[in-house]
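Student: I have a structure I would like to understand better, so I am pasting it below and will then ask my questions one at a time.
The values are calculated or read from the model by the stated rules, or taken from the named source; none is laboratory data. A quick note: this is a predicted structure, and the numbers were derived from the prediction, not measured. Cβ atoms come from the backbone with ideal geometry, glycine included; neighbour counts cover every protein chain shown. With ligands, DNA and RNA removed, areas are computed over all heavy atoms of the protein, side chains included. Shrake-Rupley method; radii C 1.70, N 1.55, O 1.52, S 1.80 Å.
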Amino acid sequence: MDAAHALEIRSLTAGYQDAPVAVDVSVQLATSTIAALLGPNGAGKSTVLKALVGEARVFSGTVILQGQDVTGVPAERLAKKGLGYVPQNDNVFPSLSVYENLEMGAYLIPRRQVRSRIDAVLDQFPSLRPLSRREVSRLSGGERRLVAIARALLLSPAVLLLDEPTANLSPMNASLVLTEYVTQVAESGTGVLLVEQRAKEALGIAHHAYVLSSGRIEVSGPPSALLEREDIGRLFLGETARRAAVEG
Ligand SMILES: Nc1ncnc2c1ncn2[C@@H]1O[C@H](COP(=O)(O)OP(=O)(O)O)[C@@H](O)[C@H]1O
Ligand SMILES: [Mg+2]
């Protein structure tokens with residue numbers, strides 16, 4: 001077992017009720033790096049993340065977090081063990097301030113440590129500090145995403161699962177989230193498993209990428225290798241999109 005791997009997903013098959021959606025998915029994520037999980041809508045990307053945190057059913061396979069088998073461990077214990085998760089619809093509380101939102105994320109931290117952890121996270125994202133008393137409803141879309149990410153970082157996760165952090169953002173805000181915020185998370189030592197629809201932008205910041213198609217990993221490798229492939233459009237857009245393009 002390579003100790004440098006913050007997260008290893010081994011042959012995971014997962015889905016809902018009796019139906020597997022993601023099949024035989026294996027992912028390796030090194031400390032302080034970003035692994036991108038790409039693929040067309042409906043490919044099963046979110047299902048892989050949900051399976052890790054107990055929100056989708058695991059049929060088979062193993063999840064190793066920092067060398068420890070955590071398959072099927074309940075979400076709250078997983079959070080304590082160092083797995084952070086920001087779901088696709090980041091459930092920040094719009095009517096609370098940034099600081100109050102961060103406090104909500106600190107529920108697993110001993111009370112006397114909450115202020116210093118919030119301080120540490122505000123240090124990590126200096127642009128957030130002047131906004132800390134502002135109501136989240138008055139933030140930009142990109143700033144809101146940052147609140148969701150910062151909240152997950154309060155527990156100092158070894159691994160952060162990010163499900164489409166750029167969804168519904170303007171291109172400018174999306175670029176800010178990926179090149180500034182997500183990159184900063186990895187630079188601070190947290191491994192990031194990043195699910196993204198914006199494949200090209202994600203490949204621009206990732207160290208390794210996996211492309212999921214109909215629930216299976218069709219190709220994986222360093223971003224440079226993926227960008228060279230002729231079938232890249234098909235891989236990222238999916239079979240239907242390709243047929244539509246070919247048939248005009
Ligand atoms: N809670 C659920 N119950 C049943 N099927 C689901 C559920 N969530 C997602 N699915 C199905 O799983 C498939 C993959 O979805 P998802 O993992 O969300 O894809 P992606 O994130 O790649 O767009 C889709 O066909 C979707 O309809
Ligand atoms: Mg999804």
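Student: Keeping to segment 202-213, report how many residues are open to solvent by 20 Å² or more (accessible area, probe 1.4 Å) and either in contact with an Asp or Glu (Cβ under 8 Å, 6 or more places away or on another chain) or closer than 16 Å to residue 181 by Cα (or both).
Tutor: Selection size over segment 202-213: 4.
Student: Tell me which residues, restricted to segment 105-133, are open to solvent by less than 90 Å² (accessible area, probe 1.4 Å), of a type outside the set (Val, Ile, Thr) and in contact with a helix residue (DSSP H, G or I) (Cβ under 7 Å, 6 or more places away or on another chain).
Tutor: Answer for segment 105-133, where residues must be open to solvent by less than 90 Å² (accessible area, probe 1.4 Å), of a type outside the set (Val, Ile, Thr) and in contact with a helix residue (DSSP H, G or I) (Cβ under 7 Å, 6 or more places away or on another chain): 105, 106, 108, 122, 124, 125, 128, 131, 132.
Student: For segment 10-37, give me each residue that is open to solvent by 30 Å² or more (accessible area, probe 1.4 Å) and within 16 Å of ligand 2 (Cβ to nearest atom).
Tutor: 16, 21
Student: Restricting to segment 165-189, what's the tally of residues that are open to solvent by less than 30 Å² (accessible area, probe 1.4 Å), in contact with a helix residue (DSSP H, G or I) (Cβ under 8 Å, 6 or more places away or on another chain) and assigned to a loop (DSSP other than H, G, I, E, B)?
Tutor: Total meeting the criteria: 3.
Student: Just give me the residues in segment 48-67 being open to solvent by 20 Å² or more (accessible area, probe 1.4 Å) and either closer than 12 Å to residue 6 by Cβ or β-branched (Val, Ile, Thr) (or both), in sequence order. Walk me through how you get there before you give the answer.
Tutor: To start, the set of residues in segment 48-67 that are open to solvent by 20 Å² or more (accessible area, probe 1.4 Å) comprises 50, 54-55, 57-62, 66-67.
Correct list: 58, 62, 66, 67.
Student: Please go through segment 1-38 and give me each residue that is touching a helix residue (DSSP H, G or I) at 6+ places or on another chain (Cβ under 6 Å) and of a type in the set (Gly, Ala, Ser), ordered by number.
Tutor: Matches in segment 1-38: 14, 22, 32, 36.
Student: Identify all residues within segment 201-224 that are free of Cβ contacts under 8 Å to residues at least 24 places away in the same chain and outside any strand (DSSP E or B); write none if there are none.
Tutor: Answer for segment 201-224, where residues must be free of Cβ contacts under 8 Å to residues at least 24 places away in the same chain and outside any strand (DSSP E or B): 222, 224.
Student: Out of the residues in segment 73-87 that are open to solvent by 10 Å² or more (accessible area, probe 1.4 Å) and assigned to a strand (DSSP E or B), which is farthest from residue 31 (Cα to Cα)?
Tutor: We begin by selecting, within segment 73-87, every residue open to solvent by 10 Å² or more (accessible area, probe 1.4 Å); these are 73-77, 79-81, 83, 85-87.
Checking which are assigned to a strand (DSSP E or B) leaves us with 83, 85-86.
Values: 83: 13, 85: 16, 86: 18 Å.
Among those residues, the one meeting the criterion is 86.
Student: Just to verify a result, which residue in segment 44-72, among those that are more than 16 Å from ligand 1 (Cβ to nearest atom) and among the polar types (S, T, N, Q), is farthest from residue 236 (Cα to Cα)?
Tutor: Once the filter is applied, the top-ranked residue is 68.
Student: Do you know which of the residues in segment 90-116 that are in contact (Cβ under 8 Å) with a residue 24 or more places away in the chain and of a type in the set (S, T, N, Q) is nearest to residue 76 (Cα to Cα)?
Tutor: Per the stated criteria, the residue is 91.
Student: Just one of 147, 136, 195 is under 30 Å from residue 228 (Cα atoms), open to solvent by less than 10 Å² (accessible area, probe 1.4 Å) and either more than 16 Å from ligand 2 (Cβ to nearest atom) or at pLDDT 95 or above (or both); which is it?
Tutor: 195
Student: Looking for whichever is touching a strand residue (DSSP E or B) at 6+ places or on another chain (Cβ under 7 Å), β-branched (Val, Ile, Thr) and buried (at least 17 other Cβ atoms within 10 Å of the Cβ) here; the options are 70, 98. Which one fits?
Tutor: Values: 98 fails: touching a strand residue (DSSP E or B) at 6+ places or on another chain (Cβ under 7 Å).
So the residue among 70, 98 that is touching a strand residue (DSSP E or B) at 6+ places or on another chain (Cβ under 7 Å), β-branched (Val, Ile, Thr) and buried (at least 17 other Cβ atoms within 10 Å of the Cβ) is 70.
Student: Which members of segment 131-164 meet the condition of being in contact with a Pro (Cβ under 8 Å, 6 or more places away or on another chain), more than 24 Å from residue 41 (Cβ to Cβ) and either part of a helix (DSSP H, G or I) or of a type in the set (A, V, I, L, M, F, W, C) (or both)?
Tutor: Within segment 131-164, 136, 137 meet the criteria.
Student: Exactly one condition in (1) more than 9 Å from ligand 1 (Cβ to nearest atom); (2) open to solvent by 50 Å² or more (accessible area, probe 1.4 Å) is not met by residue 41; state its number.
Tutor: Going through (1) more than 9 Å from ligand 1 (Cβ to nearest atom); (2) open to solvent by 50 Å² or more (accessible area, probe 1.4 Å) one by one, residue 41 breaks only (1).
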